[in-house]
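The values are calculated or read from the model by the stated rules, or taken from the named source; none is laboratory data. Computed from a prediction, not measured in an experiment: that's the story for all the values here. Using ideal geometry, Cβ is built from the backbone for each residue, glycine included, and neighbour counts are taken over all protein chains shown.
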Amino acid sequence: MGRRRGLGVAMAPAPAGRRLTVCGFAALFDPAGATPDPAWLTGAADRMAHRGPDDAGIHSEPGAGLAFRRLAIVDVAGGAQPIANEAGDAWIVYNG
């Protein structure tokens, strides 16, 4: 079996009979500073529902937007994303 490539990162194929299931996230950046449409971000998260059926979240602000789907493996009750720093001026989505 060959290797798949995504975003410049080599990914090993899934074991026979199994599929890789991990959280999913998307980002939209507008260098002109427009605020991404929350409906677009929600749609992006909805299209990734198979990647994370346990939770979904979006964040939108001037110039950037984040969408996330969560596959809860640990900390099932917590772990909602996107997550902000204490000041609320920096936001991330992450896997792991």
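Of the residues making up the stretch 48-68, just one is under 15 Å from residue 28 (Cα atoms) and either among the charged types (D, E, K, R) or assigned to a helix (DSSP H, G or I) (or both), namely 61.
What is the residue count in the stretch 3-21 for residues that are β-branched (Val, Ile, Thr) and either more than 18 Å from residue 93 (Cβ to Cβ) or modelled with pLDDT of 55 or more (or both)? Result for the stretch 3-21: 1. Identify all residues within the stretch 72-94 that are assigned to a loop (DSSP other than H, G, I, E, B) and in contact with a strand residue (DSSP E or B) (Cβ under 7 Å, 6 or more places away or on another chain); write none if there are none. Those that are assigned to a loop (DSSP other than H, G, I, E, B) and in contact with a strand residue (DSSP E or B) (Cβ under 7 Å, 6 or more places away or on another chain): 72, 79, 80, 81, 82, 90, 93. Filtering 24, 78, 88 for residues that are modelled with pLDDT under 90 and more than 14 Å from the chain's Cα centre (by Cα) leaves a single hit, 78. Whenever a residue of the stretch 23-49 is closer than 14 Å to residue 59 by Cα, its partners that are at pLDDT 90 or above and among the polar types (S, T, N, Q), lying with C-beta atoms within less than 8 angstrom and at least six residues away or across chains, give the pairs 35/60; 36/60; 37/60; 38/60; 41/60.
The single residue among 93, 74 that is among the β-branched types (Val, Ile, Thr) and surrounded by 13 or more Cβ atoms within 10 Å (Cβ to Cβ) turns out to be 93. From the list 42, 35, the one residue that fits, being in a helix (DSSP H, G or I) and either modelled with pLDDT of 85 or more or under 18 Å from residue 80 (Cα atoms) (or both), is 42.
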